[in-house]
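Please read the structure below before turning to the comments.
The values are calculated or read from the model by the stated rules, or taken from the named source; none is laboratory data. Since we're looking at a predicted model, the values are computed, not measured. Don't worry about glycine lacking a Cβ; one is built from the backbone with ideal geometry, like all the others, and counts go over all protein chains shown.
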Amino acid sequence: MNITRTSRIAGFAAIVAVSTLTLSACAANEGAAPQPTSTLTGALVGAGASSQGAAQEAWTAAFQTTNPGVTITYDPSGSGAGRKTFISGGSDFAGSDSYFNDEELASTFAACAAGTTAFEVPAYISPIAVIYNVDGVTELNLDASTIAKIYSGAITKWNDAAIVAMNPDAKLPDLAITPVHRSDDSGTSKNFSDYLFQNAKADWAIEKPADTFPFQTGEGAKGTSGVVDAVTNGVGTIGYADASKAGKLGIAKIKVGNDFVMYTPEAAAAVVAESTPVDGRAAGDMAIKINRTTTDSKHYPLVLVSYLMGCNEYAKAGVAENVKAYFAYILSPEGQATAASAAGSAPLATKMADEALAVVNAIK
């Protein structure tokens, strides 16, 4: 993990910690009144994006502290699997790094009341890191065209002329490149593919980005953790993963305009702020079309918006109240700060969070 990102997150966490201590001290001095006990009870089952894993763990722990009667489980099975599970009624909600496609929206959602459908709202914004493991290479610059050629199999060696040209001072070895991709249906894959599709169409010859990775080159690995493990334990490996899971691996800068840019939560959020809603969506559907082709070097276009998906009206009694409360916590400033601290994500802009909360508050 790069030093800049670590210091930003650490600084943010320190601010949150100091604020918490200050409030606690004031409460103690004033003889704080006991907090009201939540009357919510029951169990919530969620499944989906493995990139949400760290955030979901933190959200669940915090929510259950103030709502001890509610038990929440989240299976980080991948965005595609999570959406399928939710549609079939195997879970109460889903997390996904890609929004519903048209075919999914036309489905009958088993958990939803008859004649109703599902909603999707953004939960947080996160950069996707291009991670690598090449002995002796501590800094790496890559543009979209080169990344596309690596993953399509057109570039196979680390000392390829295209990589050398962008990294004249690096000691690039005569070593085979092993590109690692997601083997499961993944919203992270779809966002990664969409970035390459929009910025390097000549080198990314696919019809349309999808959750399924389009090429069979290199090595497949299941889940975000699987990709990170494969890159970590391999030789000459490269991968893509939610930035919160990059750890100590090398992280490439990507070309934006005329500069090579390292990710930050702020640069990821800046791209989303200038993006637009997906056309033709119903009220309560906040799918976002991300602007990947920006040339502003203060932006980081290889980014994902991670969504929460649930029913506008639930078939099973009691579920609506629990989903509404849990999602409202996630979208609150406290919930967004919790994700930023645990996963390095960028909090939603206030306007976007308020719009999402209005959708959640309408759950029946």
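The C-beta contact set for the range 214-226 (first residue under 22 Å from SER244 (Cα atoms), second residue in a loop (DSSP other than H, G, I, E, B) and not hydroxyl-bearing (Ser, Thr, Tyr), distance under 7 angstrom, 6+ apart or interchain) comprises LYS222/ASP184; GLY223/PRO76; GLY223/GLY78; GLY223/ASP184. Just so you know, in the range 237-258 the residues that are among the charged types (D, E, K, R) and at pLDDT below 95 include one that is surrounded by the fewest Cβ atoms within 10 Å (Cβ to Cβ), and it is LYS248.
Take the residues in the range 297-356 that are in a loop (DSSP other than H, G, I, E, B) and either touching a Gly at 6+ places or on another chain (Cβ under 7 Å) or β-branched (Val, Ile, Thr) (or both), then tell me which one is surrounded by the fewest Cβ atoms within 10 Å (Cβ to Cβ). Within the range 297-356, the match that is surrounded by the fewest Cβ atoms within 10 Å (Cβ to Cβ) is GLY318. What are the residues in the range 255-282 that are in contact (Cβ under 8 Å) with a residue 60 or more places away in the chain and farther than 19 Å from GLY344 by Cα, if any? LYS255, PHE260, VAL278, ALA282, listed by residue number.
If only one of ALA320, ALA343 is aliphatic (A, V, I, L, M), within 30 Å of ILE251 (Cβ to Cβ) and touching a Phe, Trp or Tyr at 6+ places or on another chain (Cβ under 8 Å), which one is it? From the options ALA320, ALA343, the qualifying one is ALA343. Of the residues in the range 148-183, how many are without any contact (Cβ under 8 Å) to a residue 12 or more places away in the chain and of a type in the set (Val, Ile, Thr)? The qualifying residues number 1. Name the residues in the range 277-296 that are of a type in the set (D, E, K, R) and in a loop (DSSP other than H, G, I, E, B), would you? Of everything in the range 277-296, those that are of a type in the set (D, E, K, R) and in a loop (DSSP other than H, G, I, E, B) turn out to be ASP279, ARG281, ARG292, ASP296. The residues listed here are GLY223, GLY234; of these, the one that is at pLDDT 95 or above and more than 27 Å from THR294 (Cα to Cα) is GLY234. Kindly check whether there is at least one residue in the range 30-46 that is within 29 Å of HIS181 (Cα to Cα) and either modelled with pLDDT of 90 or more or not assigned by TED's automatic domain parsing to the domain that holds ALA221 (or both). The answer is yes, given that some residue of the range 30-46 is within 29 Å of HIS181 (Cα to Cα) and either modelled with pLDDT of 90 or more or not assigned by TED's automatic domain parsing to the domain that holds ALA221 (or both). Among the residues of the range 201-227, the ones that are under 15 Å from the mean Cα position of the chain (by Cα) and not hydroxyl-bearing (Ser, Thr, Tyr) come to 3 in all.
Once the range 151-166 is narrowed to residues that are over 23 Å from the mean Cα position of the chain (by Cα) and surrounded by 20 or more Cβ atoms within 10 Å (Cβ to Cβ), the residue that is nearest to TRP204 (Cα to Cα) is ILE155. Of all the numbered requirements in (1) under 15 Å from ASP97 (Cβ atoms); (2) free of Cβ contacts under 8 Å to residues at least 12 places away in the same chain; (3) not β-branched (Val, Ile, Thr), LYS351 misses one, and that requirement is (1).
In the set (1) free of Cβ contacts under 8 Å to residues at least 12 places away in the same chain; (2) at positive phi, ALA358 fails one condition alone, (2).
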